[in-house]
């Protein structure tokens with residue numbers, strides 16, 4: 001719940017964006033780069049990371065919107081639901097589970113990510129760019145959600 005007077009009729013972060021367009025532009029640009037520009041993680045996988053972090057942050061708006069985007073990209077809403085409920089047992093690649101583990105730790109406290117977590121991601125085929133972008137997605141969505 002906002003503690004300042006935001007424009008009414010705009011859900012979630014949209015009201016904050018409407019309130020201060022100068023900050024909305026770079027925040028939207030960052031989300032676009034992280035979620036949609038070419039990368040070896042697919043847009044669906046990156047949207048799933050955003051959804052995972054938003055669910056852990058109890059941000060209904062971002063969780064719902066990025067879950068829907070992930071489902072669109074991945075072509076299976078039930079897969080997204082299973083991954084949000086328990087990604088470790090969801091029918092997703094081991095390569096994607098490793099970044100989701102890292103994202104969950106970043107969501108709590110970035111210092112919880114260990115060299116072992118990064119090595120485990122690399123062992124599953126994650127590149128340094130994928131690990132880097134996972135951390136940025138998680139950190140950015142902590143900011144957006146809050």
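How many residues are part of a helix (DSSP H, G or I) and under 18 Å from the mean Cα position of the chain (by Cα) if we restrict to the range 118-136? Qualifying residue count, the range 118-136: 11.
Each residue in the range 1-46 was checked for being at positive phi and touching a residue at least 60 places away in the same chain (Cβ under 8 Å), and 0 pass. Quick check: anything in the range 25-33 buried (at least 17 other Cβ atoms within 10 Å of the Cβ), more than 30 Å from residue 116 (Cα to Cα) and more than 15 Å from the chain's Cα centre (by Cα)? Within the range 25-33 (the criterion being buried (at least 17 other Cβ atoms within 10 Å of the Cβ), more than 30 Å from residue 116 (Cα to Cα) and more than 15 Å from the chain's Cα centre (by Cα)), the answer is no, since none of the residues qualifies. Of everything in the range 3-14 that is under 14 Å from residue 61 (Cα atoms) and more than 20 Å from the chain's Cα centre (by Cα), the residue that is surrounded by the most Cβ atoms within 10 Å (Cβ to Cβ) is 10. Check whether at least one residue in the range 78-99 is within 19 Å of residue 143 (Cβ to Cβ), part of a helix (DSSP H, G or I), touching a residue at least 24 places away in the same chain (Cβ under 8 Å) and in contact with a helix residue (DSSP H, G or I) (Cβ under 7 Å, 6 or more places away or on another chain), and report yes or no. Checked against the condition, which is being within 19 Å of residue 143 (Cβ to Cβ), part of a helix (DSSP H, G or I), touching a residue at least 24 places away in the same chain (Cβ under 8 Å) and in contact with a helix residue (DSSP H, G or I) (Cβ under 7 Å, 6 or more places away or on another chain), the range 78-99 yields at least one hit. When the test is whether a residue is without any contact (Cβ under 8 Å) to a residue 40 or more places away in the chain, surrounded by fewer than 19 Cβ atoms within 10 Å (Cβ to Cβ), within 22 Å of residue 14 (Cβ to Cβ) and in contact with a helix residue (DSSP H, G or I) (Cβ under 8 Å, 6 or more places away or on another chain), residue 139 passes it. For the range 100-117, the set of residues classified as part of a helix (DSSP H, G or I) and surrounded by 12 or more Cβ atoms within 10 Å (Cβ to Cβ) consists of 100, 101, 102, 103, 104, 105, 106, 107, 108, 110, 112, 117, listed by residue number.
Since every read-out is calculated from the coordinates, none of them should be taken as a lab result. All of these numbers come straight from a predicted model, not from anything done at the bench. All Cβ positions, glycine included, derive from the backbone under ideal geometry; neighbour counts span all protein chains shown.
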